[in-house]
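Below: the structure, in structure tokens.
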Amino acid sequence: MNLVSNWRRVLKRAWSIRLMILAGILSGLEVIFSLPDIEERLDWPQGIFAALSGLTTAAAFVARLIAQGNVNEADDEEQA
């Protein structure tokens, strides 16, 4: 397995990476807010963060397939 040549640029600018990080944060919040002490204080539907995490992961999948100009420009510059 080899990294893409502009992996640093991809890490900083790709929406798929940003959305995957957000999905991870939402998953963590689901765990935190399902703790008994916190869950009793909040009147939120159970599983809301899990649902948001799932939607964000789906969006990251779509974003990974879409050409992202701010990421791909580096490839064009390196090949020139």
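We did not get these values from a lab; they are worked out from the coordinates using the rules stated. Quantities reported herein were computed from a predicted structural model and do not represent experimental measurements. Positions of Cβ are generated from backbone atoms using ideal geometry, with glycine treated the same way; all protein chains shown enter the neighbour counts.
For segment 20-37, in order, what is each residue's ³J(HN,Hα) by Karplus, 6.51 cos²θ - 1.76 cosθ + 1.60 with θ = phi - 60°, in whole Hz (x at glycine and Pro)?
Calculated HN-Hα couplings, in order: 5, 5, 4, 4, x, 5, 5, 5, x, 5, 4, 5, 4, 6, 8, 5, x, 5 Hz.
Using the Cα centre of the chain as the reference point, and only Cβ charges (+1 on K/R, -1 on D/E), how large is the resulting charge dipole? Debye, rounded to the nearest 20.
It works out to roughly 200 debye.
Can you give the helix-only mean residue ellipticity at 222 nm for the chain, where every DSSP H stretch with n ≥ 4 adds -39500 (n - 2.57) and the sum goes over all residues, rounded to the nearest 500 deg cm²/dmol?
That calculation yields -24000 deg cm²/dmol at 222 nm.
With θ set to phi - 60° and the Karplus curve 6.51 cos²θ - 1.76 cosθ + 1.60, what are the ³J(HN,Hα) couplings of segment 55-60 in order, to the nearest whole Hz, using x for Gly and Pro?
Here the 3J(HN,Hα) series is 5, 5, 5, 4, 5, 5 Hz.
For the chain, take the alpha-carbon Rg, divide it by the Kirkwood Rh, and send me Rg/Rh.
Rg/Rh: 1.19.
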